[in-house]
Amino acid sequence: MKKIGIVTSGGDAPGMNAAIRAVTRTALKHNMTVMGVRRGYNGLINGDIIPLNIRSVSDIIQRGGTMLYTARCNEFRFDEGLQKAKTTCIREGIDGLVVIGGDGSFRGAADLSARGIPCVAIPGTIDNDIAMTEYTIGYDTAMNTAMALIDKLRDTMQSCDRCSVVEVMGRHAGHIAVNTGIATGATYIITEEVPYTVDDVIERIQNTQTTGKHHFIVVVSEGIGNSQEIAKKIEHATGVDTRATILGHVQRGGTPTVRDRVVASQMGHYAVELLIKGYSNRVIGMRHSNIVDFDIQEALSMKKSFENDLYRIAMDISF
Ligand code: ADP
């Protein structure tokens, strides 16, 4: 393994830059040449590739986003696109790739590995929705951003005796919702994993009103998708002035937390070591706080469990 490439693909996440830095520096330490592939798999198809040296990755560990840009690339889902990418790797002398992204990006990495270009993937997504790992890069920063914003909302909700229905990201996974919900003392947390009705939410708010509470936070996971509607129903039933706030993409930006920088550094370092040892078609994860790796197909077939205990705790203590 003399020359490797790095790709960031799919949705961006804070900490991707720290992973790029770790991959680059680890590879350079092993006297390899490092290339940065830009805009996801598009860069492999159209040859948008830049050399990375020690200083190219200076001053990025503290920055959100990705210095290599990221994008989705439909062409890469088909054989023709994959063949073009393989041809680019051969032409550039790229012996292996580290791909940082979500499960869609892992599928692309598996397809390219099957065509003879060794790939190792690193989970980078704010949603923490990947089954084989306890942790994905960007998750902690996104949760802290959501928490800080909900804290600000609470100040104004509290002053004006209002209810705030706050939609947090996470796609179809409620991990951000349950964790930020517990961390902000939400009266109710609505996620796809736990059955609910709006009447349940209203009943809980009404019970809480009888104990002297006048302001409420309801955290809603992105996949539920009808925060405005939920807000209207709460206002109608309780008489509490209720506003819906969709936090949106602010949760994908910002300076990465310690946890994201450290995990990104560990995973980036580990990925290069796997390539050096001759592995291909692997994805890195965290299990019991240790860095581990799996076959990509095996990883993609796993099912993510939900933090039901944490949800129950939230419901037990926030009323
Ligand atoms: P994420 O990696 O964040 O889950 P996507 O699902 O959009 O994001 O996937 C990112 C990119 O990975 C896609 O734009 C595409 O280039 C590639 N990809 C996704 N699914 C496949 C697949 N089944 N085969 C090959 N490449 C894929």
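Please get the size of the charge dipole for the stretch 139-252, origin at its Cα centre, with Cβ charges of +1 on Lys and Arg and -1 on Asp and Glu, quoted in debye to the nearest 20. If you can, show how the numbers build up before the last one.
On the way: 10 positive and 14 negative charges, 47 e Å.
For the stretch 139-252, the charge dipole is close to 220 debye.
Would you work out which of ALA114, VAL194, SER301 lies farthest towards the positive end of the dipole of the chain, given +1 charges on the beta-carbon of Lys and Arg and -1 on that of Asp and Glu, about the Cα centre?
Value computed over the given set: ALA114.
Restricting to the chain, compute how many DSSP beta bridges are antiparallel as a %, nearest 5. Working shown, then result.
Details: 10 of 42 bridges.
Within the chain, antiparallel bridges account for around 25 percent of the total.
Report the charge-dipole magnitude of the chain in Debye, nearest 20, computed about the Cα centre from +1 at each Lys and Arg Cβ and -1 at each Asp and Glu Cβ. Don't skip to the answer; put the middle values down first.
Values: 34 positive and 35 negative charges, 265 e Å.
For the chain, the charge dipole is close to 1280 debye.
Calculate how large, on average over all directions, the projected area of the Cα convex hull of the chain is; give the answer in nm² to one decimal.
Details: hull surface 64.5 nm².
Taking the Cα atoms of the chain, their convex hull projects to 16.1 nm² on average.
Loop by DSSP (not H, G, I, E, B), at most 11 other beta-carbon atoms within 10 Å: where is the longest site-free stretch of the chain for trypsin sites (Lys or Arg not before Pro)?
Working: sites that count: LYS277, LYS303.
Longest gap between qualifying sites, sites excluded: 1-276.
In the structure shown, do any of LYS3/LYS303; LYS277/LYS304; LYS84/LYS277; LYS29/LYS86; LYS277/LYS303; LYS86/LYS277 have a Cα-Cα gap over 31 Å, and if so which? List each step's numbers first, then the result.
Working: LYS3/LYS303 35 Å; LYS277/LYS304 29 Å; LYS84/LYS277 26 Å; LYS29/LYS86 26 Å; LYS277/LYS303 28 Å; LYS86/LYS277 21 Å.
Checking Cα-Cα distances, LYS3/LYS303 exceed 31 Å.
Let me make sure I get this right: for the stretch 252-292, a, b and c are the square roots of the gyration tensor eigenvalues over alpha carbons, sorted descending. Under 1.5 in a/c it's rounded, otherwise prolate if a/b > b/c, else oblate. Which is it? Before the final figure, lay out the partial values.
Values: a/c = 2.52, a/b = 1.90, b/c = 1.32.
Prolate.
Hey, how many Å between the Cα centroid of the stretch 7-31 and the Cα centroid of the stretch 81-111?
Centre-to-centre distance over Cα atoms comes out at 15 Å.
Every number in this text was worked out from the coordinates using simple rules, so none of it is lab data. The model shown is predicted, which means the values in this text are computed figures rather than measured ones. We place every Cβ from the backbone using ideal geometry, glycine too, and count neighbours over all the protein chains shown.
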